[in-house]
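What follows is calculated from the coordinates using simple rules that are stated; it is not laboratory data. Note that this is a predicted model, so its numbers are computed, not measured. Using ideal geometry, Cβ is built from the backbone for each residue, glycine included, and neighbour counts are taken over all protein chains shown.
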């Protein structure tokens, strides 16, 4: 399982790491599926020949999907944060994740159907909550706290007051 990257994010899946990797590769730029490794023998949650690991890249980040079985689930303690340029890009990623069996959460967070958390974060939001004017930053932050998918126009309007 050689990998050119010095550090790789290993993500535990039940049995569908390859499906997840293919979805990420089809959804996000600079993403791809690499080698698919099959188990050379039986293992606790599978048999010889089953997909054991999948090497893939998500937006330039090297990952390894491990089909480790049902013992561990994803949690919000780990998420991919995707910085978006505009509302169209925000909507595209959000809708791809939520519309493919995922679920919405608060403040720009959502989960894909495998339970992996994503923060779909417009750059305009990051700029607004870092505004040097504390009142403008607070208005933008308060607006974000009421949202699921981030509405850039509403964030900018709140920032302006």
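Give the relative contact order (percent, whole number) for the chain; include only Cα pairs under 8 Å separated by 6+ residues.
Working: 318 pairs, mean separation 29.0, N = 161.
Dividing the mean separation by the residue count of the chain yields 18 percent.
Our note on the geometry: Cα centres of segment 11-45 and segment 90-147, 26 Å apart. Once you have the Kirkwood Rh of segment 79-160 from its Cα pairs, apply Stokes-Einstein at 37 °C and 0.692 mPa s and quote D in µm²/s. Stokes-Einstein gives a translational diffusion coefficient of 261 µm²/s.
By how many degrees, 0 to 90 and rounded to 10, does the Cα axis of helix 87-99 deviate from the longest principal axis of the chain? That works out to roughly 40 degrees. Taking 31, 75, 105 as the candidate residues, the one with maximal mean-square fluctuation in a Gaussian network model of the chain, Cα springs under 10 Å, is 75.
Computed from label points 7 Å out along Cα-Cβ, the spacing between residue 8 and residue 71 is 2.0 nm. Taking the DSSP beta bridges with both ends in segment 79-160, the antiparallel portion is around 45 percent.
With the simple model of a label 7 Å out from the Cα in the direction of the Cβ, residue 39 to residue 78 spans 2.0 nm. Summary value for segment 9-67: 43 percent relative contact order, contacts being C-alpha pairs under 8 angstrom separated by 6+ residues. What is the spin-label model distance, in nm, from residue 135 to residue 92 if the labels are put 7 Å beyond Cα along the C-beta direction? About 3.8 nm separates the two model spin labels. Highest GNM mean-square fluctuation among 28, 141, 78, for the chain modelled with Cα contacts below 10 Å: 78. Rank 121, 27, 146 by mean-square fluctuation in a GNM of the chain with C-alpha springs under 10 angstrom and give only the top-ranked residue. Of the options given, 146 has the highest mean-square fluctuation. For P(r) over Cα pairs in 10 Å bins from 0, in percent, computed directly from the structure shown, the correct entry in [x] 9, 34, 35, 17, 4, 1; [y] 10, 40, 38, 12, 1; [z] 11, 34, 29, 17, 7, 2, 0 is [z]. Counting only DSSP beta bridges with both residues in the chain, the antiparallel share comes to about 60 percent.
For segment 79-160, what is the relative contact order in percent, using Cα pairs closer than 8 Å and at least 6 residues apart in sequence?
Values: 147 pairs, mean separation 25.5, N = 82.
Worked out over segment 79-160, it gives 31 percent.
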